[in-house]
Amino acid sequence: VIPYADSPFDHENVGEEVYFHILNHAKKYVHIMTPYLILDNEMLTTLIRAAKSGIEVIIIMPHIPDKWYAFAVAKTYYKELIEGGVQIYEYTPGFVHAKVFVSDDDTATVGTINLDYRSLYHHFENGCFMTDCDAVLDIRNDLEATMKECREVTEKYRVGRSAYLRLGQLFMRLFAGLL
């Protein structure tokens, strides 16, 4: 277990690099739980590349958001991610606030780092990177139990949005770095 911290003043994106490390070294799966999904191009590309290479990439999001505008922007990424092979699930009982990555039953991280621009680049954040310890399996089991209360975001669900809603979401995506 290696604790780590990220600071906006040191010009090292430690949290983001931990996420990239897990995605780039996975062999079977990467399961992610995050309350916010506002991606830059590099993270979006890495998630899709992992899925296209045969790795099961699952993202668990809340079904009931705490910030409607952040949730609206997150949904603008669903189409690209789903078409790229990433599976997206929404936790139907409500809001999830966990920031968790687990991979291949041997690697995980838990911390305060969301998958959004502010968290990855502008906030003081921290986490614990774990490898080859019992906690990794506990995290995997927790995500599996959580998935039983989720609904998959399918193609049918994704295209059910009105043109006005899609236009509004895309407009908000222009300001994603500020959210």
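The values are calculated or read from the model by the stated rules, or taken from the named source; none is laboratory data. The structure displayed is predicted, hence computed values, not measured ones. Here the Cβ is made from the backbone with ideal geometry for all residues, glycine too, and neighbour counts use every protein chain on show. These area figures cover heavy atoms from the full protein model, side chains too; ligands, DNA and RNA do not enter into them. Shrake-Rupley method; radii C 1.70, N 1.55, O 1.52, S 1.80 Å.
A few notes on this one:
- Accessible surface of the chain, 1.4 Å probe, proportion on carbon and sulfur as whole %: 57
- Candidates Tyr89, Tyr69, Tyr29: whichever shows maximal mean-square fluctuation once the chain is modelled as a Gaussian network with Cα springs under 10 Å: Tyr69
- Quarter of Cα convex hull surface for the chain, i.e. mean projection, nm²: 9.6
- Percent RCO, i.e. relative contact order, over the range 16-143, from Cα pairs under 8 Å lying at least 6 residues apart: 29
- Contour excess over end-to-end distance, with Cα ends at Asn24 and Thr45 and 0.36 nm allotted per residue: 6.4 nm
- Surface per residue (accessible, 1.4 Å probe) for the range 73-147, Å²: 41
- Sum of side-chain charges, His122 neighbourhood, beta-carbon under 11 Å (Lys, Arg +1; Asp, Glu -1): -2
- Normalising the average separation of contacting C-alpha pairs (under 8 angstrom, six or more residues apart) by the number of residues puts the relative contact order of the range 77-148 at 27 percent.
- Cα gyration tensor shape for the range 61-117, rounded if a/c is under 1.5, else prolate or oblate: oblate
- Global form of the range 1-76, assessed from the alpha-carbon gyration tensor, a/c cut-off 1.5: oblate
- Amide H to amide H, with H built 1.01 Å from N, Phe95 comes under 5 Å of Ile64, counting only residues 5 or more places away or on other chains.
- Across the range 85-90, computed HN-Hα scalar couplings (Karplus, 6.51 cos²θ - 1.76 cosθ + 1.60, θ = phi - 60°) run x, 7, 9, 10, 10, 10 Hz from first to last residue, x flagging Gly and Pro.
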